[in-house]
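Let me begin by presenting the structure, written as structure tokens, before commenting on it.
Please treat every number below as a calculation from the coordinates, not as lab data. Please read these numbers as outputs of a predicted model, since none were measured by experiment. Glycine gets a Cβ as well: all are built from the backbone with ideal geometry, and neighbour counts include every protein chain shown.
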Amino acid sequence: MTTTREKHVNKKVNKLPVGPRNNLWDQTIWAIVNPMDWLEAMETRYGDIFLAPPLAGFPSQVIISNPQAIQEIFAANSHQFISGAVNKTLQPILGANSLLLQDGKEHSQKRKLLLPPFHGERMRTYGLYMRDITEKVMSKIKPGQQFVARQVMQEISLNIILQTIFGLNEGERYQQIREILSAMLDSFNNPLSVSFLFFKSLQVNLGKLTPWGNFLQQRERLNQLLYQEISDRRKGSESKQCNCQKSFTT
């Protein structure tokens, strides 16, 4: 999600598209409970480029479904847009240092740190993993069988994350991380469960009695497992390095 950056702060923009202005509370509930229905209704009323009012913690923004306009946006200079500030609502999920919450020089610097693993032979290897994982998941579906696309895509994505990014494909920790990630993703299927992201008043930690408390517990457990895996990897790397040094000196 992005918004545009003006070179001159005081410069007025006179050509913003039209959009809903009344019953903002009703609009907010509608957009959270049934976002696709709301988007389609707004497009029918105002066209494929319309101005959405501040809803559910998001600032006012231009919603675009016009293919030509979308193509022009992706071809434009990225420095014309601000993404981090608009995506702050996602901070509980992504973390304060996520690349999606950064703009400007900070975004460019962190992006450069992430780029090396996504080049050349490494990407070709990732592609093979993705192909094999996709074929394995899709092989479970028989020809002519109906299935829910979201569930299948989630399973493929989850396996790709665990195997290519985390480097896990078996063991107790792998199963624990998989179960927690699956539970967290499934919780976002229910608009009522995910509403705590949009309303600060719902971010009350009462343990599993509240969606927010349950989310915090899952996130904390996931962090513990990931840090344990990182620590074990580092110890294993140090152990291998020591063994190599001993072999070299004897």
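Based on the alpha-carbon gyration tensor of segment 3-103 and its eigenvalue square roots a ≥ b ≥ c, which shape applies: rounded if a/c is under 1.5, prolate if not and a/b is larger than b/c, or oblate? Judged from the Cα gyration tensor, segment 3-103 comes out oblate (a/c at least 1.5, b/c at or above a/b).
Scalar couplings 3J(HN,Hα) for segment 60-71, obtained by applying the Karplus form with A = 6.51, B = -1.76, C = 1.60 to θ = phi - 60°, are 4, 8, 8, 9, 10, 10, 6, x, 5, 5, 5, 4 Hz; x denotes Gly and Pro.
Residues in segment 226-234 carry Karplus couplings, in order, of 5, 5, 5, 5, 4, 4, 5, 5, 5 Hz; the curve used is 6.51 cos²θ - 1.76 cosθ + 1.60 with θ = phi - 60°, and Gly or Pro positions show x. Taking every C-alpha pair closer than 8 Å and separated by at least 6 residues, the mean separation divided by the residue count of segment 58-136 gives a relative contact order of 21 percent. Note on segment 104-236: dipole from Cβ charges, positive end direction compared against Phe188, Thr210, Pro116; the farthest Cα belongs to Pro116.
The value of relative contact order for the chain, using C-alpha pairs under 8 Å at least six residues apart, is 14 percent. Comparing Ala85, Val148, Ala96 along the charge dipole axis of segment 67-151, the residue lying farthest to the positive side is Val148, per the Cβ-charge model.
Simple point charges give the picture: +1 on the Cβ of Lys and Arg, -1 on the Cβ of Asp and Glu, and for segment 92-250 a dipole about the Cα centre of about 280 debye.
Please figure out what share of the DSSP beta bridges in the chain is antiparallel and state it in percent, rounded to the nearest 5. That works out to approximately 90 percent antiparallel.
When a/c reaches 1.5 or more, the comparison of a/b and b/c decides; with that in mind, is segment 78-184 rounded, prolate or oblate per its Cα gyration tensor? It is prolate, given that a/c is not under 1.5 and a/b is the larger ratio. Near Leu168, the amide H atoms lying under 5 Å from its own belong to Gln163; only residues 5 or more places off or on other chains count, and H is placed 1.01 Å from N. Quick check: from the Cα gyration tensor, does segment 133-192 come out rounded (a/c under 1.5), prolate or oblate? Judged from the Cα gyration tensor, segment 133-192 comes out oblate (a/c at least 1.5, b/c at or above a/b). Within the set (i) 17.3, 52; (ii) 20.8, 70; (iii) 22.5, 80, the number that Rg and Dmax of the Cα atoms in Å takes when calculated for this structure is listed as (iii). For the residue pairs Lys88/Lys110; Lys110/Lys235; Lys88/Lys208; Lys208/Lys235, the C-alpha atoms sit more than 28 angstrom apart in Lys208/Lys235. Given +1 at the Cβ of Lys and Arg, -1 at the Cβ of Asp and Glu and no other charges, the dipole of segment 92-168 around its Cα centre is 80 debye to the nearest 20. Between Phe81 and Arg5, the built amide H atoms are under 5 Å apart, and every one of these is 5 or more places off in sequence or on another chain. Every helix of 4 or more DSSP H residues in the chain counts as -39500 (n - 2.57), and over all residues that averages to -17500 deg cm²/dmol at 222 nm.
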